[in-house]
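The values are calculated or read from the model by the stated rules, or taken from the named source; none is laboratory data. The shown structure was predicted, so the numbers you read here are calculated from the model rather than taken from an experiment. Ligands, DNA and RNA are stripped out before the accessible areas are found, and what is left, the full protein with its side chains, is counted by its heavy atoms. Shrake-Rupley method; radii C 1.70, N 1.55, O 1.52, S 1.80 Å.
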Amino acid sequence: MQHSERQEVVGVDQGVEGDHGVEGGGRELHGRGIGMAELGLRHQLPRPAVGVVRPVHVTAVRDRDDGRLLVETSAGTWSARALINATGTWDRPFWPRNPGQETFRGRQLHTAQYPGPEAFAGQRLIVVGGGTSGVQHLLEVAEVAAETTWVTRRPPVFHTGPFGQDQGRAAVALVEERVRRGLPPQSVVSVTGLPMTEAMERARAKGVLERLPMFERITPSGVAWADGRHVDADVILWATGFRAAIDHLAPLRLREPGGGIAVEGTRAVRDPRVHLVGYGPSASTVGANRAGRAAVRDIQALRTARGWAGAVA
């Protein structure tokens, strides 16, 4: 097995080092054929200044006796003085378990598998989930489906008016506080609520955004509630979010009793050599960019404090 002592910092990232089955760094958003130009994100990526190995599956990160981290992968083993973990959430779609789920005769799929609205033309669809993805799917599919039903655990909270930097910083601060306490991270949307756009206003006027509480069980032909109500469906679309892909860090024992990894900025409280980018408040493109720069600065400071020789990146 390959073993390298050359690494000062190992970056674990989807599609780069630490790929969990995704070859390359880009992907269609939620399965839709959205071009990067549509989102204003098309640009030439800079040539990386460090070696990039892909595709690689990271199986475990362990602590060595000499103070280094041992990164075990499908392409060999690396040792490092520090690690930036940027594995995100895409590999960990969350599927809630519900009684009768295995009996449903129709199709069940998650946001991660969403193929676009055309696949549901003429079908009866139940969308489960009150986040941004659930609402986006609902609005798209309602244009072509025979019938849609929206189900959420809690009543959705919509906000109107401007959402400026002050509101954004306040929302991020709430998410930061949660991960600082070692609790599993929540999405920023769970704090901010859903912005009421013109498209959502039109959908609400048509009754598309009429929401039902979570059903009690799944039946062969649909879903049922305790009060006897039943909705027939051809498809159940689970827009129920994702969980952080951090199982490979389990040997380091970073989790707190609350179930999450306590993080100060990007640094794991239990091990200052480990930084999590894309975890908690940095789980967005803009947030991850800022967090990546912060992680590098923090590792450089750690290098100086510990007297590591040579470059760290």
Heavy atoms only, 1.4 Å probe, whole protein assembly: order Trp90, Trp238 by accessible area, highest first. Trp90, Trp238
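Leaving ligands, DNA and RNA out of it, report the carbon-plus-sulfur percent of the accessible area of region 193-293 at a 1.4 Å probe.
Numbers: 2300 of 4780 Å².
That fraction is 48 percent.
Using a 1.4 Å probe and counting only protein heavy atoms, arrange Arg180, Arg68, Arg253, Arg169 so the residue with the most accessible area comes first.
Per-residue accessible area, sorted high to low, gives Arg253, Arg169, Arg180, Arg68.
For region 173-231, what is the accessible area per residue in Å², given a 1.4 Å probe and the full set of protein chains?
In whole numbers, region 173-231 has 57 Å² accessible per residue.
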Heavy-atom accessible area of Asp166, protein chains in place, probe 1.4 angstrom, given in Å² to nearest 10, is 110 Å²
Probe 1.4 Å, all chains present, heavy atoms only: Glu264 accessible area in Å², nearest 10, is 80 Å²
